[in-house]
1. Any chance you could run the full-extension gain for Arg53 through Asp83? It's 0.36 nm times the residue separation minus the Cα-Cα distance, nm to one decimal.
2. Sum -39500 (n - 2.57) across every DSSP H segment of at least 4 residues in the chain, then divide by the residue count to get the 222 nm mean residue ellipticity, nearest 500.
3. Which pairs in the list Lys145/Lys174; Lys304/Lys368; Lys2/Lys304; Lys113/Lys145 are over 23 Å apart, alpha-carbon to alpha-carbon?
4. Looking at the chain, identify the longest residue range that excludes and avoids all GluC sites (Glu not before Pro) in DSSP loops having at most 16 other Cβ atoms within 10 Å.
5. Quick one: His201, His319, His370, fewest Cβ neighbours within 10 Å first, how do they rank?
6. Using just the alpha carbons, could you tell me how many Å³ per residue the convex hull of region 272-408 encloses?
7. Given a 10 angstrom Cα cut-off, can you work out which residue in Gln80, Gln50, Gln207 is the most mobile in a GNM of the chain?
8. Under a straight-distance cross-link criterion of Cα-Cα below 18 Å, which aspartates and glutamates are reachable from Lys220, leaving out those fewer than 8 residues away in the same chain?
Amino acid sequence: MKPVGPIPAGYAAIDGELAIAGRKASEIVDEAGSTPLFVYSRELIEARVQKLRDALPERIRLNYAIKANSFAPVLQHVSQIVDGLDIASAGELEMVRGIGYDLTRVSFAGPGKRDAELEAAIAAGVTLNLESENEARRALAIGEKLGVVPRLAIRVNPDFELRGSGMKMGGGAKPFGVDAARVPALAREIVDAGCDWRGLHIFTGSQALSAEAVIDMQAKVLDCAHRIASEAGVPLPKLNMGGGFGIPYFAGDEPLDLDAVGEALERELAALPDTLAAADLFVELGRYIVGEAGVYLTRIVDRKESYGETYLVTDGGLHHQLAASGNFGTVVRRNYPVAIATRFDAEPVEEANVVGCLCTPLDRLADKAHLSRAEIGDLVAVFCAGAYGASASPSAFLGQGPAAEVLI
Ligand SMILES: *Cc1c(COP(=O)(O)O)cnc(C)c1O
């Protein structure tokens, strides 16, 4: 038996079935017309943003990293309750344009921005988080060609990382950002070249559950930004402090103590150096905002035994849930929170493997999980599916195609 992850708060049972935003899973599926289906809850997203507003100092603004979930209705909904959006490609720029968003509130990070992407972003007034000196010079040249003053920030590759984070994005040699020691010179260069200087972006990692690690990281980010600004002799109009707030996916994971993070940040802000006194301060989050607000529903199409093990074969799989299958940056595969949605309040009575419909042994949604007895036709729910599900899975693999998505 292997444990499944903790089911996020905000889900209940109605008539024995999983209810999402007060509606039974089977009704939502009937209305949508098909499985597999991603269901995202408007109210859970709102509650999460409110929780952030309540816990973090008022001065801290909130950016949403749209790569976590760019389903247009979700993007539209989140964009109305946060302060800015972070994108990582011209494709994401088009998604943001598509919802009619104010593009001057968008910033664009990501290594390997092509000229056409720089051009589209500069023309739209998007802030570029520059990943290298070369990119800075290309951006300035494109701005000149277009007759548009580019809005430029520098992404810093700091000399520290977010401890205990699932994915490290700073500290040591990295394809992301400019090494901290070289940032002051580059800042002076682009300010002197007449860009619209937008400050610094320091992102150090993702999926941290330890408040202590986040607090430590934020103090180091503020200090690093101050040192760069002093050395460059330029004040910072804006500092994107990164994010990294994690959510519990696996058995034993404890939620991040957001209040502790907020209180520590309040103390930091009370003692900010001059270089940061006037800076707009942002945190950028993806999964923390939408991850727990989404459920992936898939239907059992077969139930079989093999050498004493039970397999529940579903119509979904890793082509929609790469992360839950354990193939998206995990070393040891562990079970996401998974349940039989149509028998949500039934006692777990058997050990079963939940697999997808792809012809590969990688396609597992739960291993040796303790579940209620399920039959063909039952729905399986995979929780924590609101981030890096549909947007980060190979939906073209084996010709299966994307899952439907609904925001309710
Ligand atoms: C992916 C990414 C994020 C969002 O990460 P989450 O773990 O979803 O919060 C934020 N900023 C940058 C630069 C990223 O690459």
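Please treat every number below as a calculation from the coordinates, not as lab data. Small disclaimer: the values here were computed from a predicted structure and weren't measured. Positions of Cβ are backbone-derived with ideal geometry, glycine not excepted, and every protein chain shown enters the neighbour counts.
1. Numbers: separation 30, 0.36 × 30 = 10.80 nm, distance 1.12 nm.
Gain on stretching Arg53 to Asp83: 9.7 nm.
2. Numbers: 11 runs with 118 residues, N = 408.
Mean residue ellipticity, 222 nm, calculated: -8500 deg cm²/dmol.
3. Lys145/Lys174
4. Details: sites that count: Glu58, Glu375.
Longest stretch, sites excluded: 59-374.
5. Numbers: His201 28, His319 25, His370 16.
Ranking His201, His319, His370 by Cβ neighbours within 10 Å, fewest first, gives His370, His319, His201.
6. Working: hull volume 22.5 nm³, N = 137.
So the per-residue Cα hull volume is 164 Å³.
7. The residue that fluctuates most here is Gln80.
8. Asp159, Glu161, Asp179, Glu212, Glu231, Glu263, Glu266, Glu268, Asp274, Asp280, Glu284
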